[in-house]
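The values are calculated or read from the model by the stated rules, or taken from the named source; none is laboratory data. The shown structure was predicted, so the numbers you read here are calculated from the model rather than taken from an experiment. So basically every Cβ, Gly included, is an ideal-geometry build from the backbone, and we count neighbours across all protein chains shown. These accessible areas exclude ligands, DNA and RNA; they are computed on the full protein's heavy atoms, side chains included. Shrake-Rupley method; radii C 1.70, N 1.55, O 1.52, S 1.80 Å.
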Amino acid sequence: MTALFWALKIIAVTLGETASDQFAIELKIGYATCAVAFFIFFATVAFFQMRAKRFHPSLFWTVIFSTSIVGTSISDLMDRGIGYSGTVTHNGIGYGAGAIILTSLLAIIFVAWWRTGQTYDVEKIATRKGEGLYWMAILVSNTLGTASGDWLAHSTGLGFRNAFFVIAGVMLLLLAAHYLTRINSMVLFWLAFVLTRPLSAAAGDSITKPVSQGGLGLGTLWGSVTLAALLVVLIAYQTWKIRRHPLDLLPAPAHRLTGEPQRPNGQVVLAYGPHPDQILRPHHAGAAARRPAST
């Protein structure tokens, strides 16, 4: 997890926020219709992602973007109600209630994840079940981020910019904890991962909302175009970087508690190979190292 990963994540989910507002609010398609359409989009790209045998940056970040755009629509539908108003309507449950419900749902997913014996280490997820839980957690966390970001900006009276600075300050504390404490790295990762969503929600609103509402007045259309262009450039850079320096091999997946082997979801090799995101079978590594790598 490098600085490039976090930059791509923040840009991708901010784009999801601004693009969702463009379709649901500016084009008046409505939250309900957008939630259904974007969920189909998410399910489609997630299906191809989980069937991919290697890591493809463009596909991976498309799924991240899809969780943000559908999460924004679902959160706005819950909190504001059916329609396309940019504020809470009488049909919505409100930002606070939405955040509580989504936080509870995310906690349930993590408990279920723990009971399956799948690893929480996102750099070593190598089974289909583990990846499925990973994407469920990301979808809910990005939905939660919209609700919590709106609650912080609207309900507390902080406004978009101040909410952004508050969340950014918390993330800096998490970064310091990573280097200065012994707190479990995956706990810090998921806290930061969840917080990037309200951070991006506040950042997106700061960019697109009118000056009278505390924003820069760029608008959702041009804000989305700018973010999309930046995202494409960084994805191209990451693709080029991986081709020059392939990712390390992953150990064969095993149950976190029992150590029993699990069925891998990816391209399996018996030794080192030229392609990124391959899985190394540790029991055969010595023998395989004396012959060409095979899949």
Checklist entry - Cα extents of the range 119-212 along the three principal axes, largest first, in whole Å? => result 49, 32, 20
Checklist entry - Just THR67, THR258, THR14 to compare: in a GNM of the chain, with alpha carbon springs under 10 Å, which one fluctuates most? => result THR258
Checklist entry - Against the longest alpha carbon principal axis of the chain, how many degrees, from 0 to 90 and to the nearest 10, is the axis of helix 185-208 turned? => result 40 degrees
Checklist entry - Among all the aspartates and glutamates, which ones have a C-alpha under 18 Å from LYS9's C-alpha, if same-chain residues fewer than 8 places away are not counted? => result GLU17, ASP121, GLU123, GLU131, ASP205
Next on the checklist: Sorting check: for 59-66, 137-144, 249-256, which peptide has the highest mean count of neighbouring beta carbons within 10 Å, and how do the rest follow?
Outcome noted: 137-144, 59-66, 249-256
Checklist outcome for this item: For the range 58-67, in residue order, the Karplus 3J(HN,Hα) values (coefficients 6.51, -1.76, 1.60; θ = phi - 60°; whole Hz; Gly and Pro = x) are 4, 6, 4, 6, 5, 5, 4, 4, 5, 5
Checklist entry - Accessible area per residue, 1.4 Å probe, Å², for the chain: what's the number? => result 50 Å²
Checklist entry - What are the ³J(HN,Hα) values, in whole Hz, obtained from phi via the Karplus relation 6.51 cos²θ - 1.76 cosθ + 1.60 with θ = phi - 60°, for each residue of the range 146-162 in sequence order, with x given for Gly and Pro? => result 5, 5, 5, x, 5, 4, 5, 6, 8, 6, 8, x, 5, x, 5, 5, 5
Checklist entry - Where the only charges are on Cβ atoms (+1 Lys, Arg; -1 Asp, Glu), what is the dipole of the chain about its Cα centre, to the nearest 20 debye? => result 1120 debye
Next on the checklist: Under the rule of at least 5 residues apart or a separate chain, name every residue whose amide H is placed under 5 Å from the amide H of LEU250.
Outcome noted: GLN278, ILE279, LEU280
Item to check | Fraction of accessible area attributable to carbon and sulfur, the chain (%, probe 1.4 Å) | outcome: 67 percent
Checklist entry - Do you know the relative contact order of the chain, to the nearest whole percent, from alpha carbon pairs under 8 angstrom that are 6+ apart? => result 22 percent
Checklist outcome for this item: Cross-link reach from LYS209 to lysines, straight Cα distance under 20 Å and at least 8 residues apart if same chain, gives LYS28
Next on the checklist: Can you tell me which aspartates and glutamates have their Cα less than 13 Å from the Cα of LYS124? Leave out same-chain residues fewer than eight positions away.
Outcome noted: ASP248, ASP277
